[in-house]
Structures are given as C-alpha cells and as structure tokens.
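The values are calculated or read from the model by the stated rules, or taken from the named source; none is laboratory data. As the structure is a computational prediction, the values presented were derived from the model and not from experiment. Glycine gets a Cβ as well: all are built from the backbone with ideal geometry, and neighbour counts include every protein chain shown. Each accessible area value is taken on the protein alone, full model and side chains, heavy atoms only, with ligands, DNA and RNA left out. Shrake-Rupley method; radii C 1.70, N 1.55, O 1.52, S 1.80 Å.
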Amino acid sequence: MSVHQIRKHAVLPPIICRSDKEFLESMQRYIITETERLGCSEEGPADEYYIIYRNVFDKVIEHVTAYKSILTSIKKEYDAFIETIKKGRRTTFCLHGKLKGLAAEPTALVYHRKRTIQLEAKLKIIESNSLKIQSQIDQIKQCRAEYDTKEVKYCTFSKDPSKPIPGDQSIAEELMEDDPRRAKEAEIMLHYMERFNELISLGEYEKAACYAANSPRRILRNIGTMNTFKAVGKIRGKPLPLLLFFEALFITSHAFQCPVDAALTLEGIKCGLSEKRLDLVINWVTQERLTFSEEAGDVICDYGEQDTYNKAKCLALAQIIYSECGLHKKAILCLCKQGQTHRVMEYIQQLKDFTTDDLLQLLISCPQVELIQCLTKELNEKQPSLSFGLAILHLFSVDMKKVGIKLLQEINKGGIDAVESLMINDSFCSIEKWQEVANICSQSGFDKLSNDIVSILRSQAAVTEISEEDDAVNLMEHVFW
C-alpha cells in the first residue's frame, strides 16, 4: 500500500481511559474553582494564574508517570524563566528609584552650594567677632599684669622685716586674710555689682546684660541675675530685657571657656521660644557652649507641636540634645518623625541594648510604612530587626488595627509577589500567626487581602489545608519543595 493510499484513511482520536478522563475533569474543576475563589479576571495579572497552573502541572506530572522526567525538566525551565522575569522586574524598579535620586542631585547640589556661601559669610562674621574679643582679652591681661607688678612692689617694701617668716598654718591663714590682692579683688567685685545695679536702675538693660555676662569670676552669670531681668518684664517697643541677658550670656560662653549650666540653658531656651525667636535657639544649640538636659529637648519638641511650620527644625534640634544626653530612644523617635528612616536604621545598629520591645514601642509612637519595611527586611545580609507579622499583630493588640491594615494594604499594592516575599522571608512568624492576620483582615472587610494571605499559605503548603495542629510549624518549612 502506497503512502498516498495510507493518507486517505481517517486517523481515529486516541481513546482516553476512564481514570485519565476523571483526572482531567478534576483538574479542570480545580482551575475553575481556584480562579473564581481568587477573583482572577481574564484580563487580570498572570501571577495568580501562574500559582494555579503551577500546582496543576505538579499534579499532572505525578499522574503521568511515563513522562514524569521530561515534564519535570520542562517545568523547571519554565520556573527558571519566570523567576528571571521577576528578578528583571525588581531590578527595573530599583534602577528607576536610583534614576529619580540621580535626577534630584543637581537641585541638592545647588542648595548645598548656597548653604556653603551662607556658612562662609557667617564664619567671617564669627572670626571678626573672635578677633575683637581676643583683643579685649589681651588688653585685660596686660592691665592685670601691670597691676600685679605694682602690687608686688608695694608688698615688698611695706613688709615689716621684724615679722617672722611664714611657715605654719595659722600664720598663713592670717596672711591670707591680710593679703592686699584679695582685698582689692573683693573691692573690684563689689564695685562691679554696684555698677550693674546702677545700670538696671537707669533702664540700661542691654548694657547691664553685657556687663553681667562679662562679670569677673562669673559672679553675675547665675539664676539670681536672671531673676533680676525677669522682674523687669516687658517694655513696649523694646527687646525683652531677659532675652538680652541670655543673648549676652550664651555669646560670651566661648570666651569664658565654661559652658552655661543646665538650669540657665533651659531657662534661656524657654525665653527664646516664648519670644518666638527660634533662630536664636538654633544658634545657641548648634554654636554655643551649653549644658543640655532632657527637659530642654522636651521643651523644643513641645514648641514644634504648636508651631507646625517649624516642626522639622525643632525635631532636629531636640534630636541633637537627646543624643548629647544619651537619650537614644527619644533621639531615634525625633529622626522617625522627620522621616529619616535610613539614619534611624544606622542609629539602631550602633546600639547594642535596643530590644524588640523598644522597636515595637517605636512603631506605636511613629507607625510609618517605610520604617516598618526597613525594620522587617534584611540589611547587609543580616536578619531583619523585627518580624513583620508579629509587628502587625502587636499593632492589632494595642487598638491600632487601622494602622496595621494600612500597612498591609501598602504592602499589597506591590502585588501578591510582594506579600509572598514578605511572608517567606519572615522566619519569626508561624503559620498560625499569619492565619490570625488573615482572619482579622477578613473580619475588617478586607477580603482580597485576606484571600491573598491564605492563598500564599496554601500554595507554600502544596495546596493543602493548614491543620490547626500545626501551630508550631514555621512558614519557612514549606518554601523549599
């Protein structure tokens, strides 16, 4: 029989056995059921379809034993290809972010150059003032040296040679009492205080402030002098006398090389803020020699809550003070409120005694999506600082469910792949805990989010129902199959 004659005969379709037919029908039903349950539309993303058909492919491979090896190889190649596409997508997203950062660099450079010019001009003013102050100090030293020389000559010729040479304690004390230099110094201080009181009585408050700030042995740089200026009160059309005192006090702190004590620092900051002179407070905190305290940082933070326009500046100042005082939790909270997440992570890594409870308290005080993402992802090949699932459950337990749901919604915006990656990389949260998260989402009306979590749990468990007896099982045990 020729080839032409053979082709004339009709080819009968293969006869499917009953078991194969039932298997194919069950697979078709599974595809339809899972598609409807996940809410996948025909034009929807391919990720949901991929999970469903991947599981069907696995079951086909198990059923068709004769072609198991070749089908397994085909599936492996498809999985590798799909993973390559996902990695390419993630790489594209990262490169897009870097491109935005590079696009913003010229603007940042302009601002940095402008700031450099401002700082150079300010530095010239400071240097000029420093030269004037140093000149005054040199003049005072010269006058003091001439005065000491005259006193030495006077003491040398006025001593009685018949008196015994000083050698035991009582005679030394007697000589100290009769020391003319000490008496002269006391006389100078008394004259200084009288002159200060005279300036106050004449209403020369600016001169009195400078006079008090430059007083010898810092006899007028104290709370008592501050109360004197405070008692004057406000004068219409003129600067507040108390503010003049603090300006003079903080400016001359460099010359005395002795920082203003904590009590005066706190009162000075309060005075500057009460007069809405945040510019002065910024200069004092960043340039002058002060003694910081927790109360000073709290006062600036409270002022920032009232003056929302300058809130960022107040948080930055408070963070400087808290860091100097070793109040790391409050310093980190200030950085969080400024949105400086990367600096927060660097700060936390430098601290050895920052516990999980401290991190959870930080999230409650400042529940930011970017912050929780940084805390729950690997950094420099190190384990995440915090479990995402446990953080969400903690927010739910302290009546912050809306915040927890919002965080899950933000994560879900990246698609089911983002949720799956987050769940797989969370090695601290068990399957039971993730089921609890899904249940809370469902009860709160977020069925899509709940279904995504359950779908991922089932897919990682090879499409099997999760038993309640497996409460100690970790999600990571179902990843590598």
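Computed values, structure above
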{"item": "So Pro239, is it within 18 Å of Ala255 (Cβ to Cβ) and not small (Gly, Ala, Ser)", "result": "no"}
{"item": "Hits in region 215-228 - residues which are within 10 Å of Tyr192 (Cα to Cα) and either of a type in the set (D, E, K, R) or assigned to a loop (DSSP other than H, G, I, E, B) (or both)", "result": "Ser215, Ile219, Leu220"}
{"item": "Top-ranked residue in region 345-365 [being assigned to a helix (DSSP H, G or I) and open to solvent by 70 Å² or more (accessible area, probe 1.4 Å); ranked as modelled with the lowest pLDDT]", "result": "Thr356"}
{"item": "Members of region 396-409 that are in contact (Cβ under 8 Å) with a residue 12 or more places away in the chain and either closer than 15 Å to Gln361 by Cβ or open to solvent by less than 60 Å² (accessible area, probe 1.4 Å) (or both)", "result": "Phe396, Val398, Met400, Val403, Gly404, Ile405, Leu407, Leu408"}
{"item": "The lone exception for Gln306 - which of (1) surrounded by 14 or more Cβ atoms within 10 Å (Cβ to Cβ); (2) modelled with pLDDT of 90 or more; (3) within 28 Å of Val398 (Cα to Cα) it fails", "result": "(1)"}
{"item": "Which numbered condition Leu390 misses (of (1) open to solvent by less than 50 Å² (accessible area, probe 1.4 Å); (2) aliphatic (A, V, I, L, M); (3) under 22 Å from the mean Cα position of the chain (by Cα))", "result": "(1)"}
{"item": "Every residue from region 229-253 that is open to solvent by 50 Å² or more (accessible area, probe 1.4 Å), farther than 15 Å from Gly268 by Cβ and part of a helix (DSSP H, G or I)", "result": "Ala231"}
{"item": "Tabulated pairs, region 366-377, first assigned to a loop (DSSP other than H, G, I, E, B), second of a type in the set (A, V, I, L, M) and open to solvent by less than 60 Å² (accessible area, probe 1.4 Å), C-beta under 6 angstrom, 6+ apart or interchain", "result": "Pro367/Val403; Thr376/Leu386"}
{"item": "For Phe292: the one exception among (1) open to solvent by 50 Å² or more (accessible area, probe 1.4 Å); (2) in contact with a helix residue (DSSP H, G or I) (Cβ under 7 Å, 6 or more places away or on another chain); (3) among the aromatic types (Phe, Trp, Tyr)", "result": "(1)"}
{"item": "For Gly297: the one exception among (1) within 27 Å of Val344 (Cα to Cα); (2) surrounded by fewer than 17 Cβ atoms within 10 Å (Cβ to Cβ); (3) touching a residue at least 12 places away in the same chain (Cβ under 8 Å)", "result": "(2)"}
{"item": "Residue ID - farthest from Gly268 (Cα to Cα), chosen from residues in region 186-228 that are touching a helix residue (DSSP H, G or I) at 6+ places or on another chain (Cβ under 8 Å), open to solvent by 50 Å² or more (accessible area, probe 1.4 Å) and charged (D, E, K, R)", "result": "Arg195"}
